[in-house]
Amino acid sequence: MSSQQQSLFGFPEQSTPNTQGVKYTGSKLKLLPYIISLLPGLNVTTILDGFSGTTRVSQAFSQLGFQVISNDTALLSKVFATAFLTNKKDPKKYQDLINHLNALKGYAGWFTKHYGGQDFNGSAVQADGKKRPFQIHNTMKLDAIRDEIDTLQLPEIDRCVALVSLILALDKVDSTLGHFVSYLKNWSPRSYKNMQLEVPAIAINAQDNQVFQDDIFQTLKVVACDLAYFDPPYGSNNEKMPPSRVRYNAYYHLWTTVIKNDKPSLFGSANRREDSSDKVSTSVFEEFRKNDNGQFLAVGSIEKLIHHTQSNYIILSYSTGGRATAKELREVIADCATLVKTLAIDYKKNVMADMKWTHQWSADENANQELLFVLKKR
Ligand SMILES: C[S@@+](CC[C@H](N)C(=O)[O-])C[C@H]1O[C@@H](n2cnc3c(N)ncnc32)[C@H](O)[C@@H]1O
């Protein structure tokens, strides 16, 4: 565990556990101390992390001793959650496997063909006019390591630990802005490094955590817990560019392909897998259209989410840049829960406020703030 955090709002001091994850839009790494500060006093044992993404929040909850149920539609999240939340072995036992994978001789296979590029005096633009997210010396290692993970036919948790190790190593040598829908014109300095796998910082989990890879509304049918933490995609409230929302399936298609190793059909300048295309149906939380009553569909989904959750408490993460306005959120929350507490965190100004539902908050909603609502279900 890292050093003690400063005391927040008079709660006892909590340390923030060390977690690991890839670069991910909306990751709550920086928000972890604030989320954790909300837990004392709620008297909870089991926590559902309904949109777990990188699983950093799930990892922190688990290390703090809570029983965690981690859910996300993304395959990346399932693999990370399986490695970090269900491992029961001493992590040192994975060192021989990681050494073996690091020692493999690279070769130019499927990943190198589609995602590996050469260095033309710093430029990443290849002969076919496309850019690539990795340099060839690293995709050759990727080809060898990924094939070997299949050849070894590892037990499920070991396979996930190996995949997490590979993905974390690739994430350190990429040439991207943190997603895979477009790549940099010039190679990033880190892309010149040789990728090196390490044993992930996994814990030995004493409690029996659970992992789901499902739409949240399916998971809510079978999960009851003390607290649900929800961090749905926010959409964008940029009226000029409504579809400029983050689409996780498209942004992180390459991690899906590394995990599946299924050599899918690809399209577009970023060589995206075909099933990550905009034509394939997307999450209701990423929806940017309105319903017949003029309400954003994403707001209706949050209402449904709160309504269908079987828990005493809910912590809802939201950003003031998201689809829902203060008024809309107030209405959907008031419908089926009591607001216990609201935190507003402004990273740019480095300030935090403990807010009530005041006019002041509505007035501030143009500032780009991260909001944390603690709700008690009625
Ligand atoms: C803001 S991110 C969560 C980030 C996460 N809290 C973290 O710290 O990494 C939103 C996540 O919601 C997931 N998602 C989108 N629609 C979903 C749905 N209907 N059910 C479950 N997960 C969904 C996306 O795959 C994405 O990982």
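The values are calculated or read from the model by the stated rules, or taken from the named source; none is laboratory data. It should be emphasised that the depicted structure is a prediction, and the values quoted were computed from it without experimental measurement. Cβ coordinates were reconstructed from backbone atoms using ideal geometry, including for glycine residues, and neighbour counts include every protein chain displayed.
What pairs come out if I take residues in the range 301-321 that are more than 14 Å from the ligand (Cβ to nearest atom) and pair them with residues that are assigned to a loop (DSSP other than H, G, I, E, B) and charged (D, E, K, R) whose C-beta lies under 6 Å away, six or more apart or interchain?
Here the result reads N312/D226, each pair linking the range 301-321 to a residue that is assigned to a loop (DSSP other than H, G, I, E, B) and charged (D, E, K, R).
Does F84 satisfy being within 16 Å of the ligand (Cβ to nearest atom) and in contact with a strand residue (DSSP E or B) (Cβ under 9 Å, 6 or more places away or on another chain)?
yes
Of the numbered conditions (1) under 30 Å from Q207 (Cα atoms); (2) of a type in the set (D, E, K, R); (3) loosely packed, with under 14 Cβ neighbours inside 10 Å, D128 fails exactly one; give the number of that condition.
Condition (1) is where D128 drops out.
Wholly within the range 128-231, which helices (runs of 4 or more DSSP H) include no fewer than the required count, namely at least 1 residues that are aromatic (F, W, Y) and away from the ligand (no atom under 16 Å from the Cβ)?
No helices (runs of 4 or more DSSP H) qualify here.
For the range 179-203, how many residues meet the condition of being over 16 Å from Y115 (Cβ atoms) and at pLDDT below 95?
1
Which residue, of T309, T325, is hydroxyl-bearing (S, T, Y), closer than 25 Å to V374 by Cα and buried (at least 22 other Cβ atoms within 10 Å of the Cβ)? Spell out the reasoning first.
Working: T325 fails: buried (at least 22 other Cβ atoms within 10 Å of the Cβ).
After applying the criteria, what remains is T309.
State which residue is farthest from the ligand (Cβ to nearest atom) when the search covers only the range 29-58 and only residues that are in a helix (DSSP H, G or I) and over 15 Å from F230 (Cα atoms).
Among them, the one singled out is S37.
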